[in-house]
1. Quick check of the Kirkwood formula: for the chain, what is the inverse mean of 1/r over all pairs of different Cα atoms, in Å?
2. In the Gaussian network model of the chain, springs joining C-alpha atoms below 10 Å, which of 52, 96, 124 carries the largest mean-square fluctuation?
3. Size of the dipole of the chain about the Cα centre, Lys and Arg at +1 and Asp and Glu at -1 on the beta carbon, nothing else charged, in debye to 20?
4. If the reach is capped at under 22 angstrom between alpha carbons, list the lysines near residue 136, excluding any in the same chain fewer than eight residues apart.
5. Among the aspartates and glutamates, which fall within straight-line cross-link reach of residue 94, defined as a Cα-Cα distance under 13 Å, with same-chain neighbours fewer than 8 residues apart omitted?
6. Going toward the positive end of the dipole of the chain, with +1 on Lys and Arg Cβ and -1 on Asp and Glu Cβ, which of 85, 146, 1 do you reach last?
Amino acid sequence: NIKKARKQKGYTQDKLAELLGFEKGATVSAWERNVNIPSSETIEAMAKLFKCDPAYLTGAQDCLVKEYNERSKYTGLSDKAIEILHNASTSDPKLCDIISDIIENGEILQLIKEARQAANIANCVDILSDEMEKEKQLRELKAWESLRKFMGDING
């Protein structure tokens, strides 16, 4: 999870190494590939830098924030979704009421599922259209090649 946390912050391996007081990103690369294990002090420093729980960096939990881990397992929501809901509950309680209504209303969830399915169908249609256009171009190319060969046979 070190790599995931690093990328979420937009750091390169070299930048993370520099921030932690290491010479080069090769050290970070070794951690990310599980070739080497960072010290507990380094894990603590990374946790502060990434604003996450140290257990996330070691792979002992799936969420950046420990309190989100159980919520994520229970709901299937991502860290980001849980964080947004958590922040909304304190900053805009009415937004939470709206979200609750959406979740509790089975008809809205069904509409969302249908919209996703329609989007998937539209995507498939686009892909098929592209493939059909490529096939048409290939047939035209083969026809031109046949015509050239025929003309060459006549002139030859």
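1. In the chain this quantity evaluates to 21.0 Å.
2. Of the options given, 124 has the highest mean-square fluctuation.
3. So the magnitude is around 560 debye.
4. Straight-line reach from residue 136, under 22 Å: 149.
5. Within the straight-line limit of under 13 Å, residue 94 reaches no aspartates and glutamates at all.
6. 146
All of the numbers you see were taken from the coordinates with simple rules; none came from a lab. In this text the structure is predicted, and so the values were computed from the model without any measurement. Backbone-built Cβ (ideal geometry, glycine too); neighbour counts: all protein chains shown.
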